[in-house]
1. Once label points are set 7 Å from the Cα along Cα→Cβ at both Ser60 and Glu138, what is their separation, rounded to one decimal in nm?
2. Give the distance, in whole Å, between the Cα centre of region 1-21 and the Cα centre of region 109-168.
3. Report the GluC sites (Glu not before Pro) located in region 61-144 that are in a DSSP loop and have at most 14 other Cβ atoms inside 10 Å of their Cβ, or state none.
4. Report the gain in length on full extension from Thr154 to Leu99: 0.36 nm times residue separation, minus Cα-Cα distance, nm rounded to one decimal.
5. Comparing Gly181, Gly58, Gly238, which has the greatest mean-square fluctuation in the GNM of the chain with Cα pairs linked when under 10 Å apart?
6. Among Ala147, Ala82, Ala32, whose mean-square fluctuation peaks in a Gaussian network model of the chain (Cα, cutoff 10 Å)?
7. Pick from Ala15, Ala148, Ala81: which is most flexible by mean-square fluctuation in a GNM of the chain where alpha carbon atoms under 10 Å apart are linked?
8. At a 1.4 Å probe radius, carbon and sulfur cover how many percent of the accessible area of region 10-63?
Amino acid sequence: MEERFARMTRMVGEASMTALASARVTVVGMGAVGGYCVEALARSGVGQFRLVDHDVVGLSNINRQLYALESTLGQKKVLLAAQRVCDINPACEVEALDLFCTDETLEPILGGEVDIVVDAIDSLVPKVTLLEGCLRREQAVFSSMGAALRTDPTKIRMGLLSQTEICPLARVVRKFLRRRGVGCDIPCVYSTEPMHELPDRAIAQLEESGDLVRGRRRRTMGSLPTLTGLFGLTLAHGVLNFLLDGCWDARAHSEQKKS
């Protein structure tokens, strides 16, 4: 393995690096969480990406998103992400899809051979649409729940969506998936820190309408660059465990080896 991945190779071995080089990962959402997830996976030697996003860089993105700079304002996030991956690893194959996730765009997003899909969408209806599509196709998928309004990095967890607690977004996503007749056993990153700033009426409105439908004005929630970055890096760590060991929880895998 080439020098750029030498330190990683010393950690996991040549065989694992070869496996990562042939891994096919789709990441949907190139915002704060998705950007850091892609960054870590690219720097770990993942060899094939499909990156999906339909947004452009805005001034309010600069506080937390990797691709958001004064020099990139107005540019497509997915194209910036693809360029950055290729700068990290020129041998990487990157497909950039300028798409919004809907029922009509699921086929190009999920089509072909993919080892794992990463959901880093910050809008409810597209998120549920993607997760349902993966579940119906029996496609492995990891998801990020809400990182906004959190301040405590020690409360970040990775677990099954069906077993999450505290996180309002996780609760609403579970509700929508069950309405559509699919399960909730999806590995996800979430926080057990209460969202004191989000009133109950706002959560109720989210549950009733999926307030983040495309084209509707979204409620802006504050977020820290540290917490959104950690969400993305935690998500990437789970993906690496899955690609290398077939297990998203490193601790569970360690316990399996012991037994």
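The values are calculated or read from the model by the stated rules, or taken from the named source; none is laboratory data. The structure displayed is predicted, hence computed values, not measured ones. Here the Cβ is made from the backbone with ideal geometry for all residues, glycine too, and neighbour counts use every protein chain on show. Side chains included, ligands, DNA and RNA excluded: accessible areas come from the protein's heavy atoms. Shrake-Rupley method; radii C 1.70, N 1.55, O 1.52, S 1.80 Å.
1. In this crude spin-label approximation the distance works out to 4.2 nm.
2. 28 Å
3. On the way: sites: Glu70, Glu93, Glu95, Glu104, Glu113, Glu132, Glu138; in loops: Glu113, Glu138.
Passing sites in region 61-144 are Glu113, Glu138.
4. On the way: separation 55, 0.36 × 55 = 19.80 nm, distance 3.41 nm.
Using 0.36 nm per residue and subtracting the Cα-Cα distance, I get 16.4 nm.
5. Comparing Gly181, Gly58, Gly238 in the GNM, the peak value goes to Gly181.
6. Highest fluctuation of the listed residues: Ala82.
7. In the Gaussian network model the winner is Ala15.
8. Details: 1130 of 1990 Å².
On region 10-63, the fraction of accessible area on carbon and sulfur atoms equals 57 percent.
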